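Step one of this worksheet: look at the structure below.
The values are calculated or read from the model by the stated rules, or taken from the named source; none is laboratory data. In this text the structure is predicted, and so the values were computed from the model without any measurement. Don't worry about glycine lacking a Cβ; one is built from the backbone with ideal geometry, like all the others, and counts go over all protein chains shown. Surface accessibility is based on the protein's heavy atoms, side chains included, excluding ligands, DNA and RNA. Shrake-Rupley method; radii C 1.70, N 1.55, O 1.52, S 1.80 Å.
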Amino acid sequence: MADDAGTGPDDGRQRIAPLGPFEEAAGFTRAIRVGDRIIVSGNVGVEEDGSVSPDAGRQADRCFEQILDYVGQLGGHSGDVVRVRMFVTDIADADAVTAAFTRAVGHARPTGTLVAISALYNPQWKCEIEAEAVIGSLQ
């Protein structure tokens, strides 16, 4: 749920409230709206029940589900997404992750970067995805 005040600093920015103790302790914001911009930090494909699919494509779909939910909570929609960064731990998963990108935001034609990295915090995680949106960028 978006948070105008309370758990975040009183600076007029809208934030997604912390979803766990790590975020609260670290002062981490999952997504923030500043003016007409929404910045969504890296998301991993953890399902609502805490499980992680072994399939990179499903993990990427879950990342985009979360990203678009946060963008929506902060007043935007999928057409407002203008930039996406995708990180994969195995370049062999690039096509599956790119397909998830296309399904989620391809209609908006945002910029996109996909790079292979050596590891993520949890070895089950095969991708991490972050995004930026600008409210009203696609009518």
Which residue pairs have Cβ atoms under 8 Å apart, sit 6 or more places apart or on different chains, and have a first residue in region 18-31 that is within 16 Å of Ile129 (Cβ to Cβ) and a second that is small (Gly, Ala, Ser)?
Arg30/Ser41; Ala31/Ser41
Starting from region 69-87, keep only residues that are in contact (Cβ under 8 Å) with a residue 24 or more places away in the chain and under 21 Å from Tyr121 (Cβ atoms), then list their pairs with residues that are assigned to a loop (DSSP other than H, G, I, E, B) and open to solvent by 10 Å² or more (accessible area, probe 1.4 Å) whose Cβ atoms are within a distance under 7 Å, requiring at least 6 positions of separation or different chains.
Tyr70/Arg30; Val84/Pro110; Phe87/Ile117
Here the residues within region 60-85 that are in a strand (DSSP E or B), crowded, with 23+ Cβ neighbours inside 10 Å and out of contact with any Phe, Trp or Tyr (no Cβ under 7 Å at 6 or more places or on another chain) are Val81
Considering region 30-86 alone, what residues qualify as being under 20 Å from Val115 (Cβ atoms) and among the hydrophobic types (A, V, I, L, M, F, W, C)?
Ile39, Val40, Val44, Ala56, Ala60, Cys63, Phe64, Ile67, Val81, Val82, Val84, Met86
When you scan region 88-120, how many residues do you find that are outside any helix (DSSP H, G or I) and free of Cβ contacts under 8 Å to residues at least 40 places away in the same chain?
14
